[in-house]
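The values are calculated or read from the model by the stated rules, or taken from the named source; none is laboratory data. No experiment lies behind these values; they were computed from the predicted model shown. Neighbour counts run over all protein chains shown; Cβ positions are idealised from the backbone, glycine included. What goes into the accessible areas is simple: the full protein's heavy atoms, side chains included, and nothing from ligands, DNA or RNA. Shrake-Rupley method; radii C 1.70, N 1.55, O 1.52, S 1.80 Å.
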Amino acid sequence: MIDEQKIQILANFIKIKTVNDNEAQLADYISELFSPYQPKVEIERLSFAPGRDNLVVTMGPKDKPILGLSGHMDVVAIGDESDWNSDPFTATIKDGCLYGRGAADMKSGLAALVVAMLELLEQDQVDNLPVQLRLLASVGEETGEYGAAQLTKAGYADDLVGLIIAEPTDNLTKIVYTGKGVIDYKVTSSGKSVHSSTPELGINAITNLFEFCQQATQKLAQLDQINPVLGKLTHSITIFNGGLQVNSIPAKAEMMGNIRTIPEHANNQVYQILNQIVADLNTKPGFDLKIEYIYPEEPIPGSPDSLLVQKVQSCYEEMFGHYATLSGSTGANDGSEYLQAKGDFNSINIGPGSETGHQANEYVQLDKYLAAIKLYQKIALEF
């Protein structure tokens, strides 16, 4: 496959509008690319919702272990289109870069995985692979990793020996082997509305919610172990709403918080603390609090000494003449879900793409995109 064809596949990915939806159309296109190679490839779909299909493509010797290759098909909204210098859903090439929504996060990584697999098929190297390759193309990563969660529950990650996620890692310069978890939570406070001239007759939902916020902030701050790569657990109160007018005691209030967990203070420890605060406060007169968690993600422990990291580093050094930087990530990715599978394996991120994901004028350097294709092929042949 010539470079122009590889770039055109990425451009076609960009053209398909998968803004937190419509991933089935991209799954259709990827399936069409692989379908001429059946039965050497097995193509499976797992529907999350109408128009939202996860895609699984498996190829290689059936008696070999399975190496997972992961990418998500959804992208975030474009924001204010006037901030873009070109149509965000038309791939625009300028000065060696390809611009468009998803060019960095992460259609360039997903396209690189797809093209790497297609070239192995085209070159008739599949039967000689030391592993099976399983592409896991997921829906909904940007809004909660629920596609990866569905694929994990369906068993598609149970037998993996390793997982490579093609998220952008600073223009393919880093191997991210560990990452923070995420807990988004919401607390709702119910009270009783009365005129503010007689507050003693009502129950102030905001005041009660303040009490929760104060205790949560204090107790989570006590989780003070520091991960040498990821740093500390962080807790931010990000949304607070309540009240209808200034002279009425508020009967309803709600707040949301975002917590980034580390392996030393994993999600279960945080749940126990927050749930206990709610339970204790609800024993007090007038308190009526409810807490819920929205698509939480576990931290990724990882190890720089894992077989997966060492194999990828070896391939990287052979290609580029130097080692990739080993690092961690404070953001979530699908690996948090896949690592909940029954198997015992490690997950890493390494992919093309600049640090412009979620921004206007998002781009990928085309030489990094083409290099990623070669790197994924090399890993597949030597793992």
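Summary table below
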quantity	calculated
Failed condition for residue 293, given (1) buried (at least 16 other Cβ atoms within 10 Å of the Cβ); (2) out of contact with any Leu (no Cβ under 6 Å at 6 or more places or on another chain); (3) closer than 30 Å to residue 141 by Cβ	(1)
Positions within the range 157-169 being open to solvent by 10 Å² or more (accessible area, probe 1.4 Å), in a loop (DSSP other than H, G, I, E, B), modelled with pLDDT of 95 or more and out of contact with any Lys or Arg (no Cβ under 7 Å at 6 or more places or on another chain), in sequence order	167, 168
Filter result for the condition that a residue is among the charged types (D, E, K, R), surrounded by fewer than 21 Cβ atoms within 10 Å (Cβ to Cβ), in contact (Cβ under 8 Å) with a residue 60 or more places away in the chain and touching a strand residue (DSSP E or B) at 6+ places or on another chain (Cβ under 6 Å), over 334, 288	288
Residues being in a helix (DSSP H, G or I) and surrounded by 15 or more Cβ atoms within 10 Å (Cβ to Cβ) - total across the range 217-250	2
Near pairs, Cβ below 8 angstrom, 6+ apart or cross-chain, from the range 93-108 (more than 15 Å from residue 9 (Cα to Cα)) to any residue that is acidic (Asp, Glu) and modelled with pLDDT of 95 or more	96/367; 105/167; 105/362
Any hit, the range 341-362, residues being surrounded by fewer than 16 Cβ atoms within 10 Å (Cβ to Cβ), farther than 30 Å from residue 186 by Cα, of a type in the set (Asp, Glu) and more than 23 Å from the chain's Cα centre (by Cα)	no
Residues of the range 309-326 satisfying the condition of being in contact with a Ser or Thr (Cβ under 8 Å, 6 or more places away or on another chain) and either open to solvent by less than 50 Å² (accessible area, probe 1.4 Å) or free of Cβ contacts under 8 Å to residues at least 40 places away in the same chain (or both)	309, 324
Selection count where residues are modelled with pLDDT of 95 or more, over 16 Å from residue 56 (Cβ atoms) and not β-branched (Val, Ile, Thr), scope the range 125-150	3
Residue ID - nearest to residue 171 (Cα to Cα), chosen from residues in the range 122-138 that are open to solvent by 10 Å² or more (accessible area, probe 1.4 Å) and part of a helix (DSSP H, G or I)	122
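Residue by residue, here is whether (1) within 19 Å of residue 117 (Cβ to Cβ); (2) touching a residue at least 60 places away in the same chain (Cβ under 8 Å); (3) part of a strand (DSSP E or B) holds:
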| residue | (1), (2), (3) |
| --- | --- |
| 8 | yes, no, no |
| 14 | no, yes, no |
| 17 | no, yes, no |
| 25 | no, no, no |
| 30 | yes, yes, no |
| 43 | yes, no, yes |
